[in-house]
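Undergrad: Let me give you the structure first, and then I'll get to my questions.
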């Protein structure tokens, strides 16, 4: 199907996939509480909550500054923040539990995205992912999509823990465009966050679509997407023009 665009890229969290608020963090804390108790280090939940909250704040600071802060580093720093010496074997178990929490988590595809991806793919478009990775590393994120049967629909992906840059850096957008073999003006990016998805896509010359079906970013009034959609049934008509 000929048209103005050759490719569509998607953000991951709250665009392709969503979680109940605090679900992944809760799984990590429960796993850590169990491992620490087994090792003889019973810890009050409020203290564990506090060190996890500080860890997320450190991630946000690094993310905003476009400085990589990956899950293994976060877990290792969390261990140091516990306030007591943790044996090496317990440390390894804690890091493993932290980084793999997403494997059995209850993560959900956004409504209508699977059907939308099929329509776009069958229409001849190349599909990509541009994802700022938080505490769940990219192999786990890909496995989630694979489990839902949609990973195979994507031609290329750009995860920040592999590329080494977060959005809105042009580096991660260039990685995606080069991998898809398309020019920026022939590509659409769909995402939910104005600072990263919308600003990054617009600065590259891509068409930016802000998706509000899960989260409506009201942190700032601008930049706005060229289009705003809350239902993926609306996306094909915007792309096939």
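Derivation of every value follows stated rules applied to the coordinates shown; laboratory data play no part. Note that this is a predicted model, so its numbers are computed, not measured. Don't worry about glycine lacking a Cβ; one is built from the backbone with ideal geometry, like all the others, and counts go over all protein chains shown.
Undergrad: Can you compute the modelled spin-label distance between residue 88 and residue 146, with each label point 7 Å from Cα toward Cβ, in nm?
TA: Distance between label points: 3.1 nm.
Undergrad: Fully extended, how many nm does the chain gain between residue 222 and residue 240 (0.36 nm per residue separation, minus their Cα-Cα distance)? Walk me through the intermediate numbers first.
TA: Numbers: separation 18, 0.36 × 18 = 6.48 nm, distance 2.61 nm.
Gain on stretching residue 222 to residue 240: 3.9 nm.
Undergrad: Starting from the Cα gyration tensor of region 115-233, take the square roots of the eigenvalues, sort them a ≥ b ≥ c, and report rounded, prolate or oblate (rounded when a/c is under 1.5, otherwise prolate if a/b is larger than b/c, else oblate). Show your work: numbers first, answer last.
TA: Values: a/c = 1.24, a/b = 1.16, b/c = 1.07.
Here region 115-233 falls in the rounded category.
Undergrad: Moving on to the next point. Hey, what number do you get for the chain at 222 nm if only DSSP H runs of n ≥ 4 count, each worth -39500 (n - 2.57), divided across all residues, to the nearest 500? Intermediate results must be reported in sequence, preceding the final value.
TA: On the way: 10 runs with 105 residues, N = 241.
The helix-only estimate for the chain comes to -13000 deg cm²/dmol at 222 nm.
Undergrad: I would also like to ask the following. Output the antiparallel fraction of DSSP beta bridges having both residues in the chain, as a percent to the nearest 5. Intermediate values should be presented prior to the final figure.
TA: On the way: 3 of 23 bridges.
Antiparallel: roughly 15 percent of the beta bridges in the chain.
Undergrad: Based on the alpha-carbon gyration tensor of the chain and its eigenvalue square roots a ≥ b ≥ c, which shape applies: rounded if a/c is under 1.5, prolate if not and a/b is larger than b/c, or oblate? Provide the component values of the computation, followed by the final result.
TA: Numbers: a/c = 2.31, a/b = 2.06, b/c = 1.12.
The shape class here is prolate.
Undergrad: What percent do you get for the relative contact order of the chain when only Cα pairs under 8 Å and 6+ apart count? Present the calculation step by step, with values, prior to reporting the outcome.
TA: On the way: 395 pairs, mean separation 65.5, N = 241.
Reported as a whole number, the value is 27 percent.
Undergrad: If you don't mind, there's one more thing I want to ask. Give the shape of region 185-238 as rounded, prolate or oblate, defined through the alpha-carbon gyration tensor: a ≥ b ≥ c are the square roots of its eigenvalues, a/c under 1.5 means rounded, and otherwise the shape is prolate if a/b is larger than b/c and oblate if not. Please report the intermediate quantities before stating the final value.
TA: Numbers: a/c = 2.26, a/b = 1.01, b/c = 2.23.
Because a/c hits 1.5 or more and a/b fails to exceed b/c, region 185-238 counts as oblate.
Undergrad: OK, next. Mind checking which of 203, 138, 21 has the largest fluctuation in a GNM of the chain, springs on alpha carbons under 10 Å?
TA: 21
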